[in-house]
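> Following this message is one structure expressed as structure tokens.
The values are calculated or read from the model by the stated rules, or taken from the named source; none is laboratory data. All values reported here derive from a predicted model rather than from experimental measurement. Don't worry about glycine lacking a Cβ; one is built from the backbone with ideal geometry, like all the others, and counts go over all protein chains shown. The accessibility values were calculated without ligands, DNA or RNA, using every heavy atom of the protein model including side chains. Shrake-Rupley method; radii C 1.70, N 1.55, O 1.52, S 1.80 Å.
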Amino acid sequence: MLKHKLWASFFSVCRKVCMALGGIALVMLVLAFTRIPFDAHRWLGTAGGLCQENPDAIVVLGGSGMPSGPELMRCNLAADLARNYTSVQVVLLLPKDTALAAAMEQELHIKGIALERISAVLHGRNTREQALDLWTNNPGLAQRNIALVTAPENMYRSLLTFRKAGFTNVCGSPAFDHALFDDLSQLKVLFHRA
């Protein structure tokens, strides 16, 4: 009798848990067909503050490997910034992986950035360690304007981490992986020629 009550209680709890998980899954499915995920992703990339002033350094956070899509997007954005601000140093903050650093340096060089402008700090395994490593290796950057380049989903917490580590003038340059800010007006010209 006691064994039967325990099993009945166990199945009742399991049923309630499955109902709750099913309800959560249904809500997430419905939300997936709205613009809420897009807006949340955009907010994560822009809420910490976008760069409004000229940067004194461009800091690229990485770690997902090359030639992955996120790393290529970060290199592309960093190269665009470095071409616009020609006297600015580009600092790669990466895990201790010399192959990744060499691949990212090569990608930046292919995009027109001189190797003398690129430096790599290879130690940090997470954003906090990377911020502290930058502080240790380049303490002069603490009060300078820094453009932080990383994925938009990491930007908000990365900016907060760098600010907590002592970098007071750090701003975000999120490497969005879609055409959110692209000017598509030139496509009209291409399609009308055909």
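> Return the long-range amide H neighbours of residue 123 (sequence gap of 5 or more, or a different chain), with a cut-off of under 5 Å between placed amide H atoms.
94, 96
> Does anyone have the angle between helix 69-84 and the longest principal axis of the chain? Alpha-carbon axes, 0 to 90°, nearest 10?
With rounding to tens, the tilt is 30 degrees.
> Another question, then. Per residue of segment 43-50, in order, report the coupling 6.51 cos²θ - 1.76 cosθ + 1.60 (Karplus, θ = phi - 60°) as ³J(HN,Hα) in whole Hz, putting x for Gly and Pro.
Ordered by residue, 3J(HN,Hα) equals 4, 4, x, 10, 5, x, x, 8 Hz.
> Follow-up question, since we're still on this one. To the nearest 20 debye, what is the magnitude of the charge dipole of segment 44-152 about its Cα centre, counting +1 on the Cβ of each Lys and Arg and -1 on the Cβ of each Asp and Glu?
Around 80 debye, computed over segment 44-152.
> Report the extension gain between residue 68 and residue 126 in nm, rounded to one decimal, defined as 0.36 nm multiplied by the number of residues separating them, less their alpha carbon distance.
Details: separation 58, 0.36 × 58 = 20.88 nm, distance 1.82 nm.
That pair, residue 68 and residue 126, stretches by 19.1 nm at full extension.
> Compare the peptides 94-107, 8-21 by average per-residue count of other Cβ atoms within 10 angstrom and give them in order, highest first.
Ranking, from highest mean packing down: 94-107, 8-21.
> If pairing requires two Cys Cβ atoms under 4.7 Å apart, which cysteines of the chain are left without a partner?
That list is 14, 18, 75.
> Within 10 Å, count the other beta carbons around each residue, average over each peptide in 119-126, 33-40, and list them highest first.
119-126, 33-40
> While we're here: Roughly how many percent of the accessible protein surface of the chain is carbon and sulfur, given a 1.4 Å probe and a whole-percent answer?
Numbers: 7400 of 12050 Å².
That fraction is 61 percent.
> On to the next question. Run the numbers on the chain and let me know its relative contact order in percent, using alpha-carbon pairs under 8 Å that are six or more apart. Mind showing how you got there, number by number?
On the way: 272 pairs, mean separation 47.4, N = 194.
Relative contact order of the chain: 24 percent.
> Ignoring ligands, DNA and RNA, what accessible area per residue does the chain give at 1.4 Å, in Å²? Before the final figure, lay out the partial values.
Numbers: 12050 Å² over 194 residues.
Heavy-atom accessible area per residue stands at 62 Å².
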